[in-house]
Amino acid sequence: MCTAPQNLLVPRDGITVGGERMSLKAVEQGIAHAIEELLADPAKAVEVTGAIVNDDVLARLDQAPKLGRIVLESRSIEHPAFPEATVRTPLIVGLDAADEEIFGREHFGPISFIVATDSTEHSLELSRRTGQHRGAITAAVYSTDEGVLRAAELAAQDVGVSLSENLMGNIWVNQSAAFSDFHATGANPAANASLTDGAFVAGRFRIVQSRRPAVAPAETESPVRT
């Protein structure tokens with residue numbers, strides 16, 4: 001977990017999808033291909049990505065390929081309405097679980113990491129540990145194994161991170177609402193304040209939410225994303 005949803009934790013021996021085993025490389029290629037398809041039309045892509053907010057983010061993005069193995073390169077897109085805007089597509093870097101010093105801290109910008117772990121249990125433990133030490137705004141898990149989902153819920157509750165389970169559409173960072181949105185939980189190092197919460201009455205209580213769709217997807221196993 002990090003202060004942005006930028007880590008995807010995947011067992012290094014792959015995952016089971018639709019009854020078939022998919023290698024880590026195939027998972028990486030599938031994600032990269034999906035992003036390329038999503039951003040294939042520049043006119044639509046600029047509305048999905050937005051523009052780079054400042055030179056610090058751009059410099060971080062330019063240095064990020066040195067952090068590991070490139071899964072998907074970042075490219076520039078010209079904004080049709082704002083030609084002077086700096087627009088870059090996401091960069092994906094492949095890392096190993098041993099690279100916790102890299103993926104365990106925030107890299108603000110269009111930078112994501114696919115982290116090879118020893119197992120699903122190892123992924124959950126890394127998610128718990130980095131969430132405890134670094135914090136997180138939100139987390140997500142994908143699995144049809146009820147035991148994995150329950151373990152992810154408990155880990156998220158322990159470190160105070162709101163969790164989305166098997167959501168295939170939008171994943172809202174501010175997923176709890178009370179007149180206005182809660183922004184994160186206020187219960188971990190990356191989310192130590194909340195815009196609207198019960199602290200108006202008693203500061204001892206925080207809200208950590210897990211949610212899942214009514215119908216689970218068909219896959220039998222999938223990665224943990226944070």
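The values are calculated or read from the model by the stated rules, or taken from the named source; none is laboratory data. The structure displayed is predicted, hence computed values, not measured ones. Virtual Cβ from ideal backbone geometry, glycine too; neighbours counted across all protein chains shown.
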Inset, instruction - Evaluate the following for Ala98: is it under 21 Å from Arg12 (Cβ atoms), of a type outside the set (Asp, Glu) and surrounded by fewer than 17 Cβ atoms within 10 Å (Cβ to Cβ)? - result: yes
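Here's the yes/no breakdown for (1) more than 29 Å from Asp13 (Cα to Cα); (2) more than 16 Å from the chain's Cα centre (by Cα); (3) of a type outside the set (Gly, Ala, Ser):
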{"position": "Ala40", "(1), (2), (3)": "yes, yes, no"}
{"position": "Ala43", "(1), (2), (3)": "yes, yes, no"}
{"position": "Ala64", "(1), (2), (3)": "no, yes, no"}
{"position": "Val93", "(1), (2), (3)": "no, no, yes"}
{"position": "Thr117", "(1), (2), (3)": "no, no, yes"}
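For every residue, the table says whether it meets (1) touching a strand residue (DSSP E or B) at 6+ places or on another chain (Cβ under 9 Å); (2) surrounded by fewer than 18 Cβ atoms within 10 Å (Cβ to Cβ); (3) more than 30 Å from Glu153 (Cβ to Cβ).
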residue	(1), (2), (3)
Met22	yes, no, no
Ala51	yes, yes, yes
Asp56	no, yes, yes
Ile70	yes, yes, yes
Inset, instruction - With the condition kept exactly as written, say whether any residue in segment 165-173 is among the charged types (D, E, K, R), modelled with pLDDT of 80 or more, farther than 23 Å from Asp96 by Cα and surrounded by 15 or more Cβ atoms within 10 Å (Cβ to Cβ). - result: yes
Inset, instruction - Working carefully through the options Ser123, Ser112, Ser127, Ser143, find the one that is in contact (Cβ under 8 Å) with a residue 12 or more places away in the chain, surrounded by 15 or more Cβ atoms within 10 Å (Cβ to Cβ) and assigned to a loop (DSSP other than H, G, I, E, B). - result: Ser143
Inset, instruction - Given the conditions (1) without any contact (Cβ under 8 Å) to a residue 40 or more places away in the chain; (2) under 30 Å from Ser119 (Cβ atoms); (3) of a type outside the set (Val, Ile, Thr); (4) surrounded by 14 or more Cβ atoms within 10 Å (Cβ to Cβ), report the number of the one that Lys66 does not fulfil. - result: (4)
Inset, instruction - Select the helices (runs of 4 or more DSSP H) contained entirely in segment 1-99, then report the ones holding at least 3 residues which are among the charged types (D, E, K, R). - result: 24-38, 55-63
Legend entry - Test: Ser76 is under 26 Å from Ser123 (Cβ atoms) and polar (S, T, N, Q): no
Legend entry - Condition met for Ile92 (surrounded by 14 or more Cβ atoms within 10 Å (Cβ to Cβ) and at pLDDT 90 or above): yes
Inset, instruction - Inspect segment 174-197 for any residue being in contact with an Asp or Glu (Cβ under 7 Å, 6 or more places away or on another chain), at pLDDT 65 or above, of a type outside the set (D, E, K, R) and not in a loop (DSSP other than H, G, I, E, B) and give the result as yes or no. - result: no
Inset, instruction - Quick one: in segment 100-109, of everything that is part of a loop (DSSP other than H, G, I, E, B) and charged (D, E, K, R), which residue is farthest from Thr49 (Cα to Cα)? - result: Arg105
Inset, instruction - Could you tell me which numbered condition Ser74 fails, if it satisfies all but one of (1) at pLDDT below 95; (2) among the polar types (S, T, N, Q); (3) more than 17 Å from the chain's Cα centre (by Cα)? - result: (1)
